[in-house]
Amino acid sequence: MLHIQIDPHSGIPVYRQVMDQVKYYAASGALKVGAQLPSIRELSKTLSVNPTTVVKAYTELQHEGVIEMKQGKGAFVAEVGRGMSEAERRKVLERLTRQMVVEAKQMGAPADVVRRVVEEQLEEMGLSREGESGGVTHD
Amino acid sequence: MIDAAIEANDLSKTFPGGVVAVNGLDLRVEKGSVYGLIGRNGAGKTTLIRMLVGVLRPDGGVARVLGADMLRSDRRTRQRFAYVSQTQQLHAWMTVEELCHYLSHFYEKWDAAYARDLAGRFGLAWDRQVGLMSGGEQRKVSVLLAFAARPEVLLLDEPAAGLDPIARRELIDEIIDVIGRAEGCTVLFSTHIISDLERIADTVGIMDRGRIITSQNLDDLKSRTKRVQVVFDGEGPPRDFVIPGTVRSKTEGPVVTAVVRIDDESQLDAVRAIPGVRVNVFALGLEETFIELFGPASRGEFANGGTS
């Protein structure tokens, strides 16, 4: 398992910090589909956090379709986009983008800079131009 | 509703000389919960815990652990919980082994193997007289004795005081272990080390002047308490401007900075809609929240909406 690091002092709840890192590892390919996550007990010991925090993180991750919990076997990275409908996905994306656009506007970032940053991030995750007609992926 | 492991209703205690230590306090800790209690020195934490365990008689109100009033409880009930006080007097002439042997007669569920195991993990010499140990080591012995009783409820009054960082982490790991056990265990602990609390507590109670001013899920508290900064163009905010949900606020020129309780995502929409206004929202850790509440010039008031 990849290194998960938490900062208990942060204003971001610990379960969120765990979720964000698992999501990042899954999205960046560092954790492949089907990879097993540590057990709740194991992770709560490694991080020295209450097991209910890990349960909460895993439950939310499952709800969002990032991981799958298999009875008696543990938690595994799910196939991308599993468990989320097109509409749900769009809703989440809109909310996140809106947040970013608001922040960008407040710091006075020009639209083309915002677009470029988004492109760069997409590329880093291997999502650039994927699915476009005649599109060429970078790898 | 889930059963309460610890309950207090309208609990009060005034000490001779008129010092009001606990003042009409209500508390509810659910079974299986890890409840972290914070508050400034003199807020009444120790007095509260001493009343919960029945070593101090309240002037008014009721305190119950596992449904029983500790002042009237029998031995059977009393052995279902364990208490580590700040000023535990251990029998100094006894060794750890002798203490364990002695206490095992009082606790039906005493776990001798676990006691020995803990001594090893805490680095405590099994055959050493407790009186010859350092303050930190004696503290670890108190913790060991409490855990080895395999209680259903653990009440820990500043268990980490005087422990080095490694020992504190061992203590946290031990708490994680006991709450993960099938029989379950409810833990209430007071501390000044907020990062410890943030690791293991699911619920946090903030105590001030003899009352619990807020008691809520730690994640909720963190998600809902934010620092919000509103920057006005030019002249600054209108005279009656207040950020909705403000707990504490200050204005410096065109900038209003406030600790805000966010109950609704759209709560700040109206502020964002004011022309020429910039709104920044920052996450706030528990320690910062605490300092905002009790630091210089604060009133220590907290809108207690979400006691769930």
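Values quoted throughout were computed directly from the atomic coordinates according to the rules given, and no laboratory measurement underlies them. All values derive from a computational prediction rather than experimental measurement. Cβ coordinates were reconstructed from backbone atoms using ideal geometry, including for glycine residues, and neighbour counts include every protein chain displayed.
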Checklist outcome for this item: residue A:7 meets each of (1) within 16 Å of residue B:195 (Cβ to Cβ); (2) surrounded by 13 or more Cβ atoms within 10 Å (Cβ to Cβ); (3) within 9 Å of another protein chain (Cβ to nearest Cβ) with one exception, condition (2)
Checklist entry - Among B:261, B:278, B:248, which is free of Cβ contacts under 8 Å to residues at least 60 places away in the same chain, within 14 Å of chain A (Cβ to nearest Cβ) and under 17 Å from residue B:206 (Cβ atoms)? => result B:261
Checklist entry - Scanning for something under 30 Å from residue A:49 (Cβ atoms) and in a strand (DSSP E or B), does region B:84-93 turn up at least one residue? => result yes
Next on the checklist: All but one of (1) part of a helix (DSSP H, G or I); (2) away from chain A (no Cβ under 14 Å); (3) more than 23 Å from residue A:10 (Cβ to Cβ) hold for residue B:267; state the number of the condition that does not hold.
Outcome noted: (3)
Checklist entry - Just checking, how many residues over region B:216-225 are more than 15 Å from the chain's Cα centre (by Cα), surrounded by fewer than 22 Cβ atoms within 10 Å (Cβ to Cβ) and either of a type in the set (Ser, Thr, Tyr) or part of a strand (DSSP E or B) (or both)? => result 1
Checklist entry - Is at least one residue of region B:280-294 surrounded by 15 or more Cβ atoms within 10 Å (Cβ to Cβ) and over 28 Å from the mean Cα position of the chain (by Cα)? => result yes
